[in-house]
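Pasting a structure below so you can have a look.
Derivation of every value follows stated rules applied to the coordinates shown; laboratory data play no part. What you see is a predicted model; the values in this text were computed from it and never measured. Backbone-built Cβ (ideal geometry, glycine too); neighbour counts: all protein chains shown.
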Amino acid sequence: MADIILASQSPRRKTLLEWANIPFEIVVSDSDESFPETISKQEVPVFIASNKAKAVLEKLQQTLTDQQGSGKEYCIIAADTIVLLDQLILGKPVDRQDAVNSLSLLSGKSHQVITGVVVLYQGNEYAFSETTQVDFHSLTLDQIEYYVDQYKPFDKAGAYAIQEWIGVVGIKGIQGDFYNVMGLPVSLLVQKLKELGVA
């Protein structure tokens, strides 16, 4: 049986995979999160996830080389999530004001959360993505500043996490996979792992 590797430091992705009762280890490696302007915005998260998965594969292969090979087989899972508002990608905020600006843009509007997932297994790359529409109530500046100051969402695309206070108070509704908004379309991933015979 292949060792399943989650190529992510995200505590949300770790939790979701644990909830699915999938045994895994976490291995991360720095990778380039830039993307070519020639691809569509919807393709961006898969492109970045692919780079994350390949960086971890390279790291693992180097480890095996250093250990003169152990016969291990790996199934590497990587993911990347973007928030897309009218073709504008809202990434992780760089500071408090950037987070306030992002939430001000999302206030009273609908946006898409797109998570790209890449699975590397037996020399093949399997890629897919999931899109969820999220509708926000209009938020006051006081609400936005309270959330940013209390929850410090600086490691989250779009500067929010649906499972926190902002989701309870600020989100009017969603269309699609709730867990995708948390950062991983875990049911689709489990189906893929079952197809590959690793879960």
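Residue check, Met182 against (1) without any contact (Cβ under 8 Å) to a residue 12 or more places away in the chain; (2) at negative phi, all met but one. Which one?
Only one criterion in (1) without any contact (Cβ under 8 Å) to a residue 12 or more places away in the chain; (2) at negative phi is unmet by Met182, namely (1).
Lys14: over 16 Å from Ala127 (Cα atoms), part of a helix (DSSP H, G or I), without any contact (Cβ under 8 Å) to a residue 24 or more places away in the chain and out of contact with any helix residue (DSSP H, G or I) (no Cβ under 8 Å at 6 or more places or on another chain), yes or no? Break it down into steps so the answer makes sense when it comes.
On the way: over 16 Å from Ala127 (Cα atoms): yes; part of a helix (DSSP H, G or I): yes; without any contact (Cβ under 8 Å) to a residue 24 or more places away in the chain: yes; out of contact with any helix residue (DSSP H, G or I) (no Cβ under 8 Å at 6 or more places or on another chain): yes.
In short, yes.
Restricting region 168-179 to residues that are in contact (Cβ under 8 Å) with a residue 12 or more places away in the chain and more than 12 Å from Thr132 (Cβ to Cβ), which is surrounded by the most Cβ atoms within 10 Å (Cβ to Cβ)? Give the derivation first.
Initially, region 168-179 is screened for residues in contact (Cβ under 8 Å) with a residue 12 or more places away in the chain, giving 169-179.
Add one more test, that the residue is more than 12 Å from Thr132 (Cβ to Cβ), and what stays is 169-170, 172.
Details: Val169: 12, Gly170: 23, Lys172: 11.
Ranking the candidates gives Gly170 first.
Ok, one more. Within the bounds of region 152-165, is there any residue that is over 20 Å from Gln9 (Cα atoms) and β-branched (Val, Ile, Thr)? Don't jump to the end; show me each part of the working.
Initially, region 152-165 is screened for residues over 20 Å from Gln9 (Cα atoms), giving 165.
Checking the rest, the ones that are also β-branched (Val, Ile, Thr) come to none.
No: region 152-165 contains no residue that is over 20 Å from Gln9 (Cα atoms) and β-branched (Val, Ile, Thr).
Assuming Asn180 fulfils every condition listed in (1) closer than 21 Å to Glu125 by Cα; (2) part of a loop (DSSP other than H, G, I, E, B) apart from one, which condition is it?
Condition (2) is where Asn180 drops out.
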